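Participant: Pasting in a structure now, in structure tokens, and then I'll have a few things to ask.
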Amino acid sequence: MTRSMTAFAAAKGGTAQHSWAWELRSVNAKGLDIRMRLPDWIEGLEAALRARLGQAVTRGSVTLNLRVSREEGEARQAVNDTALAAVLTALSRVEARAAEAGLALAPTRAADILALRGVLETTAPEDEAAGLKAALMQDFEPVLAAFLEMRAGEGAALATILGAQLDEIARLTEAATEAAEARRDDMAGALKTSLARVMDNAEDADPQRVAQELALIAVKSDITEELDRLRAHVDAARELLGTEGPVGRKLDFLMQEFNREANTLCSKSQNTGLTRIGLDLKTVIDQMREQVQNVE
């Protein structure tokens, strides 16, 4: 099943002591990049959520936000001794430098220090945090399920679009085959004319050598291999779209191969109609490549 890297899910939950709100979103990325904004006082929560997301998602820039609030009267606060020591040391240095410069600073109040980030922390008893973590992990599962469902739905829509584009590439490949057949007689006549012109104007030219050079030109203008590879790439892409699991990287590689064959076809065409088909191929391939960037 093809899955998109774009999705969003949100939900709210709570217990008698806490309430919370989830927000989970993802966009395109070359690999898996998980970013989280979580309460830092729930020990082990980030590691557990990161591991769970890593099991469910393989590609995408994933952002998880969680806001947790305590009911009135449940909050506990404590001074972070490490942060306080760092602040007091810095304050002492500032006051000393100010004294050296002859500057008088206003007295520092305890409330000012407590207002600094990290000095006063919201804490919770160990048993409370552990119970809250378990409740949050359980509540996260339906959020993740909704998120994955949206990725699957977006992926199904992408698969439909990509399938239609593959159909168009296949159609243009067959049109190129017909155009190549139609130009065969014209090219043979052009080569004969060129050979006759060369022989008429070069008395000492080796007819066999000239014929070899013209044959080489004919080989270089043959697009049979390019058409065969385009058909093979179409089959490979269709097989990938029907494969379970992440296929975005493989599809992205195939798009490079599609583009290479279309470029070669255009360079070898020597025919207005065939060149037009080659340009149409490049357009569809480029459109398909843009869609493939969304596939996990």
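The values are calculated or read from the model by the stated rules, or taken from the named source; none is laboratory data. Since we're looking at a predicted model, the values are computed, not measured. Cβ placement follows ideal geometry from the backbone for every residue including glycine, while neighbour counts extend to all protein chains displayed.
Yes/no matrix, rows are residues, columns are (1) under 18 Å from ARG117 (Cβ atoms); (2) loosely packed, with under 12 Cβ neighbours inside 10 Å; (3) assigned by TED's automatic domain parsing to the domain that holds GLY14:
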residue	(1), (2), (3)
LEU32	no, no, yes
ARG50	no, no, yes
ALA56	no, no, yes
ARG59	no, no, yes
ARG70	no, no, yes
GLU95	no, no, no
PRO107	no, yes, no
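Participant: Let me ask another. Going by what's in this entry, would LEU166 be described as in contact (Cβ under 8 Å) with a residue 40 or more places away in the chain, touching a strand residue (DSSP E or B) at 6+ places or on another chain (Cβ under 8 Å) and surrounded by 15 or more Cβ atoms within 10 Å (Cβ to Cβ)? Steps first, answer last, please.
Facilitator: On the way: in contact (Cβ under 8 Å) with a residue 40 or more places away in the chain: yes; touching a strand residue (DSSP E or B) at 6+ places or on another chain (Cβ under 8 Å): no; surrounded by 15 or more Cβ atoms within 10 Å (Cβ to Cβ): yes.
No: the conditions fail for LEU166.
Participant: Still on this structure, please answer the following. Only one of (1) in contact with a helix residue (DSSP H, G or I) (Cβ under 9 Å, 6 or more places away or on another chain); (2) assigned to a helix (DSSP H, G or I); (3) in the same structural domain as GLY131 (by TED's automatic domain parsing) fails for LEU64. Which number is that?
Facilitator: (2)
Participant: In segment 11-40, how many are within 28 Å of the chain's Cα centre (by Cα), β-branched (Val, Ile, Thr) and farther than 21 Å from ARG59 by Cβ?
Facilitator: Of the residues in that region, 0 qualify.
Participant: Take segment 1-45 and flag every residue that is among the small types (Gly, Ala, Ser) and out of contact with any Ser or Thr (no Cβ under 8 Å at 6 or more places or on another chain). Please lay out each step first, then the result.
Facilitator: Going through segment 1-45, the residues among the small types (Gly, Ala, Ser) turn out to be 4, 7, 9-11, 13-14, 16, 19, 21, 26, 29, 31, 44.
Hits for segment 1-45 are SER4, ALA9, ALA10, ALA11, GLY14, ALA16, ALA21, GLY31, GLY44.
Participant: Working only within segment 18-47, note down all residues that are in a loop (DSSP other than H, G, I, E, B) and among the basic types (Lys, Arg).
Facilitator: If we filter segment 18-47 for residues that are in a loop (DSSP other than H, G, I, E, B), which is where we start, we get 28-31, 38-44.
Hit for segment 18-47 is LYS30, nothing else.
Participant: Can you tell me which of ASP185, ASP235 is of a type in the set (Asp, Glu) and modelled with pLDDT under 95?
Facilitator: Details: ASP235 fails: modelled with pLDDT under 95.
Just a single option satisfies the conditions, and that option is ASP185.
Participant: Filter segment 11-50 down to the residues that are of a type in the set (Ser, Thr, Tyr) and in contact with a Leu (Cβ under 8 Å, 6 or more places away or on another chain) and list them by number.
Facilitator: Filtering segment 11-50 down to residues of a type in the set (Ser, Thr, Tyr) leaves 15, 19, 26.
THR15 - this is the single residue of segment 11-50 that is of a type in the set (Ser, Thr, Tyr) and in contact with a Leu (Cβ under 8 Å, 6 or more places away or on another chain).
Participant: What are the residues in segment 14-28 that are modelled with pLDDT of 95 or more and either among the hydrophobic types (A, V, I, L, M, F, W, C) or more than 26 Å from LEU240 (Cα to Cα) (or both), if any?
Facilitator: TRP20, ALA21, TRP22, GLU23, LEU24, VAL27
Participant: Further question: Kindly evaluate ARG3 against the criterion of being within 30 Å of LEU144 (Cβ to Cβ), touching a His at 6+ places or on another chain (Cβ under 8 Å) and either in contact (Cβ under 8 Å) with a residue 12 or more places away in the chain or surrounded by fewer than 16 Cβ atoms within 10 Å (Cβ to Cβ) (or both).
Facilitator: Numbers: within 30 Å of LEU144 (Cβ to Cβ): yes; touching a His at 6+ places or on another chain (Cβ under 8 Å): no; either in contact (Cβ under 8 Å) with a residue 12 or more places away in the chain or surrounded by fewer than 16 Cβ atoms within 10 Å (Cβ to Cβ) (or both): yes.
In short, no.
Participant: Could you tell me which of the residues ASP139, ASP167 is assigned to a helix (DSSP H, G or I), modelled with pLDDT of 95 or more and in contact with a Gly (Cβ under 7 Å, 6 or more places away or on another chain)? Reasoning before the result, please.
Facilitator: Working: ASP167 fails: in contact with a Gly (Cβ under 7 Å, 6 or more places away or on another chain).
So the residue among ASP139, ASP167 that is assigned to a helix (DSSP H, G or I), modelled with pLDDT of 95 or more and in contact with a Gly (Cβ under 7 Å, 6 or more places away or on another chain) is ASP139.
Participant: List the number of the failed condition for THR272; all other conditions in (1) surrounded by fewer than 18 Cβ atoms within 10 Å (Cβ to Cβ); (2) at pLDDT 95 or above; (3) more than 15 Å from THR173 (Cα to Cα) hold.
Facilitator: It fails just one condition, (2).
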